[in-house]
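Working notes, structure below.
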Amino acid sequence: MLRVRRDQPSLWESVLPEEMLALSEELTKVDALLDDERFLAPFREKFSTRLGRPTVPVATYLRMMYLKRRYSLGYESLVKEVKDSFSWRRFCQLALDDRVPDATTLIKLTHKYGEATVQALNDALVLKLKEEKLVRGKKLRMDTYVTEANIHHPTDTSLLADGIRVITRTVAKLREVGVGIGKGFVNHTRKVKRIYLGVSRFFKGRASKSRAGMDKAQKQLIVIARQVIAGGWKVKVDIDELGDKRSPIISRLRGQLKGWLEVTEQIVEQTEQVVKGHLHIPRRVISIFDTGARPIKRGKARVDTEFGRKVLIGETDHGIITTHKVLEGNRADTTLLKTGVKGHRRLFRKRLKAVATDRGFYSRPNEAWLKEGGVKRVGIPVRGKASRERLIEQKRPWFKRLQRFRAGSEGRISLLKRVFGLDRSLMRGNKGTEIWVGQGIFAHNLWQAARIA
């Protein structure tokens, strides 16, 4: 059963001194912003029900998620801090005798509400600021950055070792819960560990050694991985033969085993291609735990390859982020300009009068499309050698002002990464990253709105 607010105040709040319950100026303003009923509407529309146990109040959940992202806390640390602070309890609308939600409950609710609810919350906040005339939405600056996946640095040998390890571990769990399951499966983890440690020693002294040792280790791991995969598929067949006799635990482990087998087969195939000398492999898997993550090399000097997902953000006046999108792969910035502008116009309609980006977004069709859509000032430097007329235009005061406005997006991205956790997503998968990025941007917009209110 969905609860949106706490039912009634506690008697303790009238007994304790006001100083113990006083909120900071920032939390007072954020609390006032979140009191708007429009932030509860997405939850009422999708999750309203009168059946089951009462949920954590939505008002409490939203405030706890703000504290989590604002102060870079883990779920367990968040629960501990809220328990120990009178003012944070009051901000989260929890009385002294109320039980603070468990960390596991907050995690489950985050996955349950999903990325669509987070997007609706961001839209509601921007529209609220627009109605209160705190933001006008006439200017838009856009940029992209990478939110890294929470994975280790991928190598072909480490991915093979990961696949063998998780398949073996899943079969071991099936042996514990199912009678006669996985009897013929051979555990190769000790041998794999020995080979992998040999590869690590090779990397430490690679300047004085040939590639032959590395290729030999990869071939050995490929042979072992194929044996483990074959054994894993036999285990799956044994589970399928149980039919309706399977317990829910066995069914869940069967699904996990199937997923590990499929992704490990992909890793074996791409490693065989690497051994043959084919290094450019499309849709290359870089993690068995987050198969949607991609290697992204950005066109900047002294920037290493990042492993994760590219994110587009669009920002209007006063630093409010009006649109964002988590992208698949490393799409060129020129293909993203229309996406960002349409996302902004979805909330501000025809108010947009000026757009500023770096030269990576420039193309003649993009510039023409903006001007046809009513954008009077297009502050995008041309790529390559500019004509004399273009250089004159780019030296005009309005163009320079837009480029100074655009430069602020670099600082905004730095702030999002340092303070709101958008440097690395601790949630896996495309949907998990969308939730993580959306929550961080919602917390940032709340914080920024409290500053300008």
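The values are calculated or read from the model by the stated rules, or taken from the named source; none is laboratory data. Given the structure is predicted, the values throughout are model-derived calculations rather than measurements. As a convention, Cβ positions derive from the backbone with ideal geometry for all residues, glycine included, and neighbour counts pool all protein chains shown. Protein only, heavy atoms only, side chains kept; ligands, DNA and RNA dropped before computing areas. Shrake-Rupley method; radii C 1.70, N 1.55, O 1.52, S 1.80 Å.
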As a quick test, which of the pairs K108/K193; K342/K417; K46/K173; K29/K342 have an alpha carbon distance above 27 angstrom in this structure?
K108/K193; K46/K173; K29/K342
Set of lysines near K191 by C-alpha distance (under 19 Å), chain-local residues within fewer than 8 positions excluded:
K216, K219
Value of [θ]222 nm, deg cm²/dmol, for the chain, DSSP H segments ≥ 4, -39500 (n - 2.57) each, nearest 500
-18500 deg cm²/dmol
List the residues whose amide H sits under 5 Å from the amide H of G308, counting only those 5 or more places along or on another chain, with H placed 1.01 Å from N in the peptide plane.
A149, R294, I296
Spelling out what I want: for every residue of region 426-442, take phi, set θ = phi - 60°, compute 6.51 cos²θ - 1.76 cosθ + 1.60 (Karplus), and round to whole Hz; glycine and proline get x.
8, 10, 8, x, 5, 5, x, 5, 5, 5, 4, 5, x, 5, x, 6, 5
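Hey, any idea what the orientation-averaged projected area of the convex hull of the chain's Cα atoms comes to, in nm²? The partial results should precede the final answer.
Numbers: hull surface 115.2 nm².
For the chain, the mean projected area of the Cα convex hull comes to 28.8 nm².
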How large, in percent, is the carbon and sulfur part of the accessible surface of the chain at a probe radius of 1.4 Å?
51
In whole angstrom, how far apart do the alpha carbon centroids of region 169-200 and region 415-453 sit?
39
Hey, with R₀ at 51 Å, roughly what FRET efficiency would D317 and K183 work out to, going by the Cβ-Cβ distance, to 0.05?
0.15
DSSP beta bridges in the chain [antiparallel fraction, %, rounded to 5]:
65
Near K80, which aspartates and glutamates are there with a Cα under 17 Å away, not counting those fewer than 8 places off in the same chain?
D97, D98, D102
Using the Karplus curve 6.51 cos²θ - 1.76 cosθ + 1.60 with θ = phi - 60°, what ³J(HN,Hα) values do you get for each residue of region 156-171, in whole Hz, with x for Gly and Pro?
4, 5, 5, 5, 4, 4, 4, x, 4, 5, 6, 5, 4, 5, 5, 5
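What is the dipole size for the chain, taken about its Cα centre, with +1 at each Lys and Arg Cβ and -1 at each Asp and Glu Cβ, in debye to the nearest 20?
Details: 93 positive and 50 negative charges, 428 e Å.
Dipole magnitude for the chain comes out near 2060 debye.
Only Cα pairs under 8 Å and at least 6 apart count here; give the relative contact order of the chain as a rounded whole percent. Please list the in-between numbers first.
On the way: 619 pairs, mean separation 97.4, N = 453.
Here the relative contact order equals 22 percent.
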